[in-house]
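Enquirer: First the structure, which I've put down as C-alpha cells, then a few questions once you've had a look.
The values are calculated or read from the model by the stated rules, or taken from the named source; none is laboratory data. Keep in mind that this is a model prediction, so the values were computed, not measured. Every residue, glycine among them, receives a Cβ derived from its backbone with ideal geometry; neighbour counts consider all protein chains shown. Ligands, DNA and RNA are excluded from the accessible area calculation, which covers all protein heavy atoms including side chains. Shrake-Rupley method; radii C 1.70, N 1.55, O 1.52, S 1.80 Å.
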Amino acid sequence: MTSPLEIAANAVMAISIVLAGRNNIHSWWLGIVGCALFAVLFYDVNLYADVALQLFFIVTCAIGWLQWRRGAGGAPLPITRVPARTLAWMCAIGLAATAGYGLMLRTYTNAYAPFIDSAVLMFSVIAQLLLMGRRIDTWPFWLLVNTVSVPLYTSRGLYLTAVLYAGYWLNALASWFFWRRQCKPVHG
C-alpha cells in the first residue's frame, strides 16, 4: 500500500519538476518541500544515497532559487550549453564518485543496491548543478537518472514513486526540447 508520505512527496515533486521544465522559478521552493518529504521516505526503505541526495537537493534548491531570482547582472539567467570537454570530465567524476560511494555504502551500511543508488545520487548531483545554472545539458542527465530510478524504486515497493519517475522521464524529454528553443549559443 502506498503511504501518505509517498503520496505527498510525489505530489509536491511532480509540480516542482513540471515547473522546472517550464523554466518557472517556483520550482525551487516546491523542490525544498518535496525533497524533505522524500528524504524521510528513502530513509525508511534503506536508500541512504537517496537520502543524501535529497539533503543536497534542499541546499541546491535554495541556491538555485537565489540564482534564478538574481539572474545575470539584473537580466534573467539565460539558458546556455556546457562545452563538451566540461561534460566529459563531469561524467568521469560522476563515474568515479559512484564507484567510491557505492563501495562505502556496501561496506559500511545495509544499503539496498548501493552502486545503483550511488549512480542515481552522483548523476543527479551533476544534473542539479547544470539545472541551477540553466544549462540545457541538464536534461540528458535527468533522462539517465530517471531511467535508472524507475526500476530501483519499483524494487523497493515504491510503485507510485516509480510511476512518477517514469513521468519525470517524459518531462525531461519535453523540457529538453522546450529549453532548446530558448537556448543561447556558447561563446568562446
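Enquirer: If one takes the longest principal axis of the Cα atoms in the chain, at what angle in degrees, from 0 to 90 and to the nearest 10, does the Cα axis of helix 114-132 lie?
Expert: Compared with the principal axis, the helix lies near 20 degrees.
Enquirer: Also, I was wondering about something else. What is the extension gain from residue 56 to residue 85, computed as 0.36 nm multiplied by their sequence separation minus the C-alpha to C-alpha distance, in nm to one decimal?
Expert: 7.9 nm is the gain from fully extending residue 56 to residue 85.
Enquirer: Order the peptides 2-13, 83-94 from the highest to the lowest mean number of other Cβ atoms within 10 Å of their residues.
Expert: Values: 2-13: 16.5, 83-94: 12.8.
So the order, starting with the most tightly packed, is 2-13, 83-94.
Enquirer: Next question, about the same structure. Hey, got the dipole for the stretch 81-187? About the Cα centre, +1 on K and R Cβ, -1 on D and E Cβ, debye to the nearest 20? Walk me through the intermediate numbers first.
Expert: Values: 9 positive and 2 negative charges, 86 e Å.
Charge dipole of the stretch 81-187: 420 debye, to the nearest 20.
Enquirer: Also: Let me know the charge dipole size of the chain about its Cα centre in debye, to the nearest 20, where only the beta-carbon of Lys, Arg (+1) and Asp, Glu (-1) is charged.
Expert: 800
Enquirer: For the chain, just run the numbers: alpha carbon Rg, then divide by 2.2 N^0.38 Å, N being how many residues it has.
Expert: For the chain, the normalised Cα radius of gyration is 1.00.
Enquirer: Quick check: the angle from helix 48-70's long axis to the longest principal axis of the chain, C-alpha only, nearest 10 degrees?
Expert: It is inclined by approximately 20 degrees.
Enquirer: Tell me, how many Å apart are the Cα centres for the stretch 15-52 and for the stretch 122-188?
Expert: Using only Cα atoms, the two centres lie 13 Å from each other.
Enquirer: Under a point spin-label approximation (7 Å from Cα along Cα-to-Cβ), what is the residue 106-residue 159 distance to one decimal in nm?
Expert: Between residue 106 and residue 159, the simple spin-label model gives 3.1 nm.
Enquirer: Another one. For 154, 60, what's the largest-to-smallest order of accessible area, 1.4 Å probe?
Expert: Values: 154 60, 60 5 Å².
Correct descending sequence by accessible area is 154, 60.
Enquirer: Which order do you get for 63, 126 if you rank them by accessible area with a 1.4 Å probe, largest at the top?
Expert: Most to least solvent-accessible, the answer reads 63, 126.
Enquirer: What figure, in Å² to the nearest 10, do you get for the accessible area of residue 44 with a 1.4 Å probe and non-protein molecules left out?
Expert: 100
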